[in-house]
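Okay, so here's the structure we're looking at.
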Amino acid sequence: QRLFMGEEDRGIWALSSRGDVAPKPELVLAVGPLLKADVEGLALYRGRHASWLVASSQGNDSYVVVDAQPPYTPRGAFRIGVSATAGIDGTSGTDGLDVTATAIGLDYPQGLLVVQDGHNHMP
């Protein structure tokens, strides 16, 4: 059991939430080439075989994915871009997000990621 925390200009930290262990923050991923300040929203995708932490990387309008268990291996990053033909505005300046691995009807059998968009680029 652990608690993940984002420190805007430093990175992502994990802290044991077990009562029998003295809390000592552990750096999961520092701000750098993959994760850009400000670090904002964090959410856990708890899959059947693995769990991942998804983080908002405001400095480059992307989302970073790391293993939710030590050694917290980075799995990559992605952006939600503008597509006029698909009617997708894209996202930028995300402060908050949430994710679930639970099937959401037939359209989303592996779950759903919801993110806040700070700026609209399309009507």
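Checked against the criteria, Lys24 does not count as touching a helix residue (DSSP H, G or I) at 6+ places or on another chain (Cβ under 8 Å), on the phi < 0 side of the Ramachandran plot and either at pLDDT below 95 or not acidic (Asp, Glu) (or both). When Gly81 is tested against (1) part of a strand (DSSP E or B); (2) of a type in the set (Gly, Ala, Ser); (3) under 13 Å from Val115 (Cβ atoms), just one condition goes unmet, and that condition is (1).
Considering segment 1-26, and only residues there that are surrounded by fewer than 16 Cβ atoms within 10 Å (Cβ to Cβ), of a type in the set (A, V, I, L, M, F, W, C) and in contact with a strand residue (DSSP E or B) (Cβ under 6 Å, 6 or more places away or on another chain), the residue that is farthest from Asp117 (Cα to Cα) turns out to be Leu15.
Of the listed requirements (1) free of Cβ contacts under 8 Å to residues at least 24 places away in the same chain; (2) acidic (Asp, Glu); (3) farther than 25 Å from Met5 by Cα; (4) surrounded by 12 or more Cβ atoms within 10 Å (Cβ to Cβ), Asp89 misses just one: (1). Between Val64, Val114, the distinction of being under 19 Å from Glu8 (Cα atoms) and either in contact with a Leu (Cβ under 7 Å, 6 or more places away or on another chain) or at pLDDT 95 or above (or both) belongs to Val64 only.
The values are calculated or read from the model by the stated rules, or taken from the named source; none is laboratory data. Remember, it's a predicted structure, so these values are computed and weren't measured experimentally. Note that we place each Cβ from the backbone using ideal geometry, even for glycine, and neighbour counts take in every protein chain shown.
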